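Enquirer: The structure's right below; bear with me while I get my questions together.
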Amino acid sequence: MKMLSSSIKFKYILIIYFFYLILSPNINYAGVKGLIFHGGYVFETFKGQENSAVYLTILNNSEKNFKIKSIKTKIAKKAEVHDVRIKNDIVEMFMIKNFDIKKKSEIYFQPGAKHIMLFGLKKKLTDGDSFKIIFYFQNNQSVETEVLVLNQELKENYLN
């Protein structure tokens with residue numbers, strides 16, 4: 001049997017992920033009216049890896065501003081909103097406390113930009129698995145959404 005080239009394999013994985021996003025059950029319309037959490041994903045980890053990053057999209061279709069006070073998940077000891085900046089030609093990651101979601105806005109948590117950091121992972125994250133993450137807001141409301149674990153090869157191809 002002929003082996004698939006890495007670029008063809010990557011295209012197959014990308015197509016599967018595209019259909020996952022389109023048909024995904026991890027779109028959360030409930031919890032906080034006007035907020036939509038969509039397409040949550042994290043790359044699989046290796047044994048002993050303690051930290052990772054979650055990427056997703058938040059759509060605020062409401063006329064209200066929201067403030068994320070905290071984030072919780074059962075698979076990590078701590079979760080925080082982080083961003084990156086370049087200072088003296090060095091890329092730095094920093095935490096954003098009380099992250100604002102402005103009315104009628106879209107926020108994209110993605111590699112190399114804003115993301116949700118998971119610290120103290122309690123288990124290895126394996127391709128195809130999923131887990132819940134809960135966002136708690138200033139007004140004591142919360143939204144739970146699902147995060148899919150994706151194959152590490154997608155990350156490797158993204159960064160090349």
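Here, each number is a calculation from the coordinates, and none is a lab measurement. Since the structure is predicted, the reported quantities are computational estimates derived from the model, not experimental observations. Cβ placement follows ideal geometry from the backbone for every residue including glycine, while neighbour counts extend to all protein chains displayed.
Enquirer: For residue 121, which sequence-distant residues (separation of 5 or more, or a different chain) have an amide H within less than 5 Å of its own amide H, given hydrogens modelled in the peptide plane?
Expert: Those lying under 5 Å, H to H, from residue 121 are 51, 77.
Enquirer: While we're looking at this one, here's another question. Give the peptides 32-43, 62-73 in descending order of average Cβ contacts within 10 Å, highest first.
Expert: On the way: 32-43: 19.5, 62-73: 16.0.
Most protected by this proxy first, the peptides run 32-43, 62-73.
Enquirer: Continuing with this model, one more query. Counting Lys and Arg as +1 and Asp and Glu as -1, what is the net charge of the other residues whose Cβ lies under 11 Å from the Cβ of residue 38?
Expert: -2
Enquirer: Give me a comma-separated list of calculated 3J(HN,Hα) values for region 80-90, in order, Karplus coefficients 6.51, -1.76, 1.60 applied at θ = phi - 60°, integers in Hz, x for any Gly or Pro.
Expert: 9, 7, 10, 9, 10, 8, 9, 10, 6, 6, 10
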